[in-house]
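Just so you know, all these numbers are worked out from the coordinates, no wet-lab data involved. No experiment lies behind these values; they were computed from the predicted model shown. Glycine also receives a Cβ, built like all others from the backbone with ideal geometry; neighbour counts cover every protein chain displayed.
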Amino acid sequence: MRFFPDRAAIVVLQTLLLVAAPGAAQSPKRAITLIPDSNADRCARGVPSCRVGRLTPEEIAQLAAIFREKNFEACRSGTSTCDPTFLQKEELSVSLAAARQRNLEKCLSGSQNCDSALLNEEENRRVTAERRKRNLDRCQQGAVQCDPTLLTAKEAEAVAKAAHLRNLDACLGANSKCDPTILTPTEATAVAAAVRRRNVEACLAASPSCDPTGLQAGEQARVHTANHERNLQRCLDGVASCDPLSLTAGETASVTAARKTRNVERCLSGLYSKCDLSALTAPEFASVTAAEQARNAGKAR
């Protein structure tokens with residue numbers, strides 16, 4: 001039997017499908033099953049090994065039905081492979097309805113791909129309502145996409161109130177977007193209290209942003225106590241930033257005891273470059289010597 005070349009096979013197959021389509025369209029739809037890897041199956045999958053010359057009339061009808069079904073699904077889902085000229089009247093109606101629904105959903109969501117010309121009067125009302133709702137949400141959030149000209153008088157009042165509250169929050173939180181000029185006297189007082197509270201917290205934490213000139217008498221006492229406690233802890237830990245001159249007599253005694261404990265521990269660990277052997281008592285020196293002998297014995301094993 002003579003075979004068609006691949007390119008010619010494609011052309012002939014398309015022609016056969018067109019010829020078979022009208023007659024097949026009248027028969028009720030049923031599941032079409034092709035034998036796997038048969039010639040008809042290969043033709044249906046569009047592989048080069050398809051031989052249209054070997055197709056039976058029944059197989060041609062089956063391929064035509066498969067082609068129409070795939071095309072209908074492509075049109076109904078809106079894919080680029082759809083060819084509406086192959087659709088039957090009922091299929092075209094279903095595909096157009098699906099396309100209108102997809103377009104409506106795009107318009108309702110504010111998509112740039114919305115085609116408003118395809119909308120009917122009721123759909124236009126729904127899209128307009130959704131557009132106004134989105135705009136109101138943007139305006140209430142202070143978004144740059146807000147279009148204040150679309151707001152009703154009531155919506156504009158609500159938006160102005162939301163903007164005022166956002167500004168108050170910004171001022172209370174020391175945000176750079178704060179506009180102190182639109183604060184009410186009560187709000188200005190609350191903002192000033194928040195500023196003073198943040199300054200106290202900064203001073204208590206010894207932050208560089210602390211402004212000691214803004215502290216009141218009671219706040220100055222609290223900050224002084226916090227600074228004193230931090231210095232005491234640094235001295236107890238042997239930190240270089242310790243200021244021993246600011247310590248009380250009792251604190252000095254505690255710091256001396258802590259320094260002695262650290263010195264003994266360093267000497268016992270063999271850190272002689274970091275310990276003061278002359279500050280050891282006789283029993284402590286003996287313990288240091290014993291510890292050294294134990295370390296040397298361990299190394300000799």
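Structure summary
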{"read-out": "Over 23 Å [Cα-Cα, the stretch 115-245], rounded percent", "value": "60 percent"}
{"read-out": "Size descriptor, Kirkwood hydrodynamic radius, that averages inverse alpha-carbon separations across the stretch 24-164, Å", "value": "19.3 Å"}
{"read-out": "Normalised contact order of the stretch 216-301, rounded percent, pairs of Cα under 8 Å and 6 or more residues apart", "value": "17 percent"}
{"read-out": "Residues of type lysines that Lys70 reaches as a straight line, Cα spacing below 26 Å, ignoring anything fewer than 8 places off in the same chain", "value": "Lys29, Lys89, Lys106"}
{"read-out": "Helix axis angle, 57-77 relative to the chain longest principal axis, alpha carbon, degrees", "value": "40 degrees"}
{"read-out": "Cα-derived Rg to Rh of the stretch 120-173, Kirkwood definition", "value": "1.12"}
{"read-out": "Separation between Cα centres of the stretch 106-182 and the stretch 188-226, rounded to whole Å", "value": "39 Å"}
{"read-out": "Crossing angle, helix 121-141 versus the chain [Cα axis fit, 0-90 degrees, rounded to tens]", "value": "10 degrees"}
{"read-out": "The chain: angle of helix 6-25 to the longest principal axis, Cα-based, in degrees nearest 10", "value": "70 degrees"}
{"read-out": "Overall dimensions of the stretch 176-268 by Cα: Rg and Dmax, Å", "value": "20.0, 68"}
{"read-out": "Rounded FRET efficiency, nearest 0.05, which uses the C-beta distance separating Arg131 from Thr213 and R0 of 41 Å", "value": "0.15"}
{"read-out": "Approximate shape of the stretch 64-121 as ellipsoid semi-axes (Cα gyration tensor, √5λ), whole Å, largest first", "value": "25, 11, 8"}
{"read-out": "Calculated P(r) tail over 16 Å for the stretch 259-301, as whole % of Cα pairs", "value": "31 percent"}
{"read-out": "Relative contact order (%) - the chain, alpha-carbon pairs under 8 angstrom, separation at least six", "value": "6 percent"}
{"read-out": "Normalised alpha carbon radius of gyration of the chain [divisor 2.2 N^0.38 Å]", "value": "2.26"}
